[in-house]
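The structure appears below as structure tokens.
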Amino acid sequence: MTGLPVVESVGHLARLVRYQAGRPLFLRWTGDLRADLDAHEILDPQTGVPLPGLPAVSLSVEPWWGRRSVELWVARKLHTAVAARRPGAALWVISGAEVGRGPDNDSLVVDCTPVARLGSRLIASAGRIWADGPSADPAVARVPDGTLPG
């Protein structure tokens, strides 16, 4: 798909998540996003069972994340998404409405709108950020012994 921005930094993706304008954002690996969005029926690839929406990974920050940074959340979600990488596929950010959970516990999303494509530099930098983990997150206050509070 042409005309969409390519996100190349964790900070840029974190800003999209922070200011999502009321519609949740999701990550989706696909070789043809337009075909996915135009599909009348989505099938679970392992069973052939029709799904009520496109499988995608939610980028919504959960309340239990606390004061940890959105940047670290995004890095964690990208780390998980990269494990599901498919050859020839690109990682996209889409917005939409979650209508259920798929067989792999992914969100099932309808009324999808493409938002951006994620670039390779972003994926590499997210891996480095996540490898440093919560201990490197400046947004989290620590108690004197260096541990995270309660």
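The values are calculated or read from the model by the stated rules, or taken from the named source; none is laboratory data. In this text the structure is predicted, and so the values were computed from the model without any measurement. Here the Cβ is made from the backbone with ideal geometry for all residues, glycine too, and neighbour counts use every protein chain on show.
Checked against the criterion of being surrounded by fewer than 19 Cβ atoms within 10 Å (Cβ to Cβ), under 13 Å from the mean Cα position of the chain (by Cα) and in a loop (DSSP other than H, G, I, E, B), segment 74-84 contains one or more residues that satisfy it.
Give segment 1-60 a look and list any residue that's under 20 Å from Ile129 (Cβ atoms), surrounded by 13 or more Cβ atoms within 10 Å (Cβ to Cβ) and without any contact (Cβ under 8 Å) to a residue 60 or more places away in the chain, or say none. Matches in segment 1-60: Arg15, Val17, Val57, Ser58, Leu59, Ser60.
Set side by side, the residues Trp73, Trp92 differ, and just one is in contact with a Lys or Arg (Cβ under 7 Å, 6 or more places away or on another chain) and modelled with pLDDT of 90 or more, which is Trp92. Close contacts from segment 116-137, counting a first residue that is of a type outside the set (A, V, I, L, M, F, W, C) and surrounded by fewer than 14 Cβ atoms within 10 Å (Cβ to Cβ) and a second that is modelled with pLDDT of 70 or more and not in a helix (DSSP H, G or I), with Cβ to Cβ under 9 Å and a gap of 6+ residues or different chains, come to Ser120/Glu8; Arg121/Glu8; Arg121/Ser9. Residues in segment 20-65 that are at pLDDT 90 or above, under 28 Å from Ala126 (Cα atoms) and in a loop (DSSP other than H, G, I, E, B): Pro24, Gly31, Asp32, Gly53, Leu59, Ser60, Val61, Glu62.
Can you name the residue in segment 95-149 that is outside any strand (DSSP E or B) and at positive phi and is also modelled with the lowest pLDDT among such residues? Spell out the reasoning first.
Quick first cut of segment 95-149, residues outside any strand (DSSP E or B) only: 102-106, 119-149.
Cutting the leftovers down to at positive phi gives us 105, 133, 146.
Numbers: Asn105: 91, Gly133: 65, Gly146: 48.
Checked segment 95-149; the qualifying residue modelled with the lowest pLDDT is Gly146.
Hey, can you tell me all the residues within segment 85-98 that are more than 17 Å from His12 (Cα to Cα) and either surrounded by 14 or more Cβ atoms within 10 Å (Cβ to Cβ) or in contact (Cβ under 8 Å) with a residue 40 or more places away in the chain (or both)? Matches in segment 85-98: Arg85, Arg86, Gly88, Ala89, Ala90, Gly96, Ala97, Glu98.
Take the conditions assigned to a helix (DSSP H, G or I), in contact with a strand residue (DSSP E or B) (Cβ under 6 Å, 6 or more places away or on another chain) and at pLDDT 90 or above and apply them to Leu4. Does it pass? Criteria not met by Leu4. Looking only at segment 39-70, residues that are out of contact with any strand residue (DSSP E or B) (no Cβ under 9 Å at 6 or more places or on another chain) and not aromatic (Phe, Trp, Tyr) come to 13 in all.
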